[in-house]
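Trainee: Please see the structure below; I have some questions.
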Amino acid sequence: LYGNYELCYIMKKCYNCRIPMSDLEKSNRTKEHIPAKAFFVGYPIDYKNQRKTVPACRTCNEEYAKIDDELRDVIGILNNGEKHKSELTQKSVKKLLSNKKTLDEKMHIENDGISFSFSVNILDQLHKKNFKGIYYLTKNEPLSDEYKLDVYSDGHDERKLDLGFTFLEEIEKLGNWDKSGHSDIFRFKLAYFDLEKDKLTEFKADCENPLFLVSAMEYNNTIVSVVVAAKPEIQKIT
């Protein structure tokens, strides 16, 4: 049984860079949590049941580990007294206060109080990472590099936000979102544009690679992001 498991594992590819696991030394094969473990800090142990993971090479895993805390920090700062997020908030504040340069860049003192800013570019990278993970969870294979990814979330201009809300409304109509661990931590829905039906339709394992994919993701009941993957034929539309 162990031999069969090992064979099955090394036949897989990294969800992000698509390198075959069989091309890697065993020490360089790992897995990526979708979303990262950081989002579960402080929550009850049962919230961590059935967390989703995908195969990853160590290089990709460590690359994102360096920036995963950026989104966690946003959630921690936005916490409005929810007890399960208190440890998240403590870690976020401690991290910001421990680095004067980072604090000077992110904290802004204004007449009506203190505000914080975060890197939209880094947040977008994390949303795209999780989109790739969601796709892998559905298809059991990495997303093709012919798709161009774009993010519609807080921090973008009004036009993109409006379009993001439009996508979100259509996805909400599909119902039954998936989750990783507890739905209060991370829930998501992956859909594609069905040309025959002329509407967004739930994306399943038996779906052929469509021209247009869209996923909605909600983190810790706080941040909602929409990620679109478009093939060259329709990239001008998005």
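Trainee: If we keep just the residues of the range 153-195 that are of a type in the set (Lys, Arg) and not in a strand (DSSP E or B), which is least open to solvent (accessible area, probe 1.4 Å)?
Mentor: So the residue we want is 160.
Trainee: Related question: Contact list please: Cβ distance under 6 Å, first residue in the range 223-235 and within 13 Å of residue 168 (Cα to Cα), second residue of a type in the set (Phe, Trp, Tyr) and open to solvent by 10 Å² or more (accessible area, probe 1.4 Å), pairs at least six apart or on different chains.
Mentor: 226/167
Trainee: Within the range 206-217, is there a residue that is touching a residue at least 60 places away in the same chain (Cβ under 8 Å) and under 27 Å from residue 49 (Cβ atoms)?
Mentor: Yes, because at least one residue in the range 206-217 is touching a residue at least 60 places away in the same chain (Cβ under 8 Å) and under 27 Å from residue 49 (Cβ atoms).
Trainee: Specify the residue that is nearest to residue 120 (Cα to Cα); the eligible residues are those in the range 206-238 that are in contact with a helix residue (DSSP H, G or I) (Cβ under 6 Å, 6 or more places away or on another chain) and in a loop (DSSP other than H, G, I, E, B).
Mentor: Out of the qualifying residues, it is 222.
Trainee: Could you give me the residue pairs with C-beta distances under 7 Å whose first residue belongs to the range 130-158 and is more than 19 Å from residue 178 (Cα to Cα), whose second residue is open to solvent by 60 Å² or more (accessible area, probe 1.4 Å) and in a helix (DSSP H, G or I) wherever it lies, and which are 6+ apart or on separate chains?
Mentor: Once the first residue is more than 19 Å from residue 178 (Cα to Cα) and sits in the range 130-158, its partners that are open to solvent by 60 Å² or more (accessible area, probe 1.4 Å) and in a helix (DSSP H, G or I) give 146/232; 149/128; 151/128.
Trainee: If you don't mind, another one. Counting just the residues of the range 180-205 that are touching a Pro at 6+ places or on another chain (Cβ under 9 Å) and free of Cβ contacts under 8 Å to residues at least 24 places away in the same chain, which one comes out nearest to residue 88 (Cα to Cα)?
Mentor: Taking the candidates together, the pick is 192.
Trainee: Can you name the residue in the range 50-60 that is touching a residue at least 24 places away in the same chain (Cβ under 8 Å) and among the β-branched types (Val, Ile, Thr) and is also surrounded by the most Cβ atoms within 10 Å (Cβ to Cβ) among such residues?
Mentor: Once the filter is applied, the top-ranked residue is 54.
Trainee: Also: Can you tell me which of (1) farther than 30 Å from residue 87 by Cα; (2) at pLDDT below 95 is the one residue 155 doesn't meet?
Mentor: Against the list (1) farther than 30 Å from residue 87 by Cα; (2) at pLDDT below 95, residue 155 comes up short only on (1).
Trainee: Could I ask something else about it? What is the one condition in (1) modelled with pLDDT of 95 or more; (2) more than 26 Å from residue 122 (Cβ to Cβ) that residue 195 does not satisfy?
Mentor: Checking residue 195 against (1) modelled with pLDDT of 95 or more; (2) more than 26 Å from residue 122 (Cβ to Cβ), the one that fails is (1).
Trainee: In this structure, is residue 124 within 21 Å of the chain's Cα centre (by Cα), surrounded by fewer than 20 Cβ atoms within 10 Å (Cβ to Cβ), within 25 Å of residue 211 (Cα to Cα) and free of Cβ contacts under 8 Å to residues at least 40 places away in the same chain?
Mentor: So residue 124 passes the test.
Trainee: Continuing with this model, one more query. Which one is farthest from residue 223 (Cα to Cα), of the residues in the range 64-93 that are open to solvent by 50 Å² or more (accessible area, probe 1.4 Å) and polar (S, T, N, Q)?
Mentor: Among those residues, the one meeting the criterion is 90.
Trainee: Sticking with this one: Which members of the range 7-23 meet the condition of being open to solvent by less than 40 Å² (accessible area, probe 1.4 Å) and touching a Cys at 6+ places or on another chain (Cβ under 6 Å)?
Mentor: Once the filter is applied, which keeps residues that are open to solvent by less than 40 Å² (accessible area, probe 1.4 Å) and touching a Cys at 6+ places or on another chain (Cβ under 6 Å), the range 7-23 yields 14, 16.
Condition check ((1) open to solvent by 20 Å² or more (accessible area, probe 1.4 Å); (2) more than 24 Å from residue 221 (Cβ to Cβ)) across all residues:
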{"site": "31", "(1), (2)": "yes, yes"}
{"site": "35", "(1), (2)": "no, no"}
{"site": "39", "(1), (2)": "no, no"}
{"site": "48", "(1), (2)": "yes, no"}
{"site": "62", "(1), (2)": "yes, yes"}
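Trainee: Filter the range 206-238 down to the residues that are open to solvent by 10 Å² or more (accessible area, probe 1.4 Å), within 22 Å of residue 146 (Cβ to Cβ) and at pLDDT 95 or above and list them by number.
Mentor: Within the range 206-238, no residue meets the criteria.
The values are calculated or read from the model by the stated rules, or taken from the named source; none is laboratory data. Predicted model only: the values in this text are computed from it and were never measured. Ideal geometry is used to build each Cβ from the backbone, glycine not excepted, and the neighbour counts take in all protein chains shown. These area figures cover heavy atoms from the full protein model, side chains too; ligands, DNA and RNA do not enter into them. Shrake-Rupley method; radii C 1.70, N 1.55, O 1.52, S 1.80 Å.
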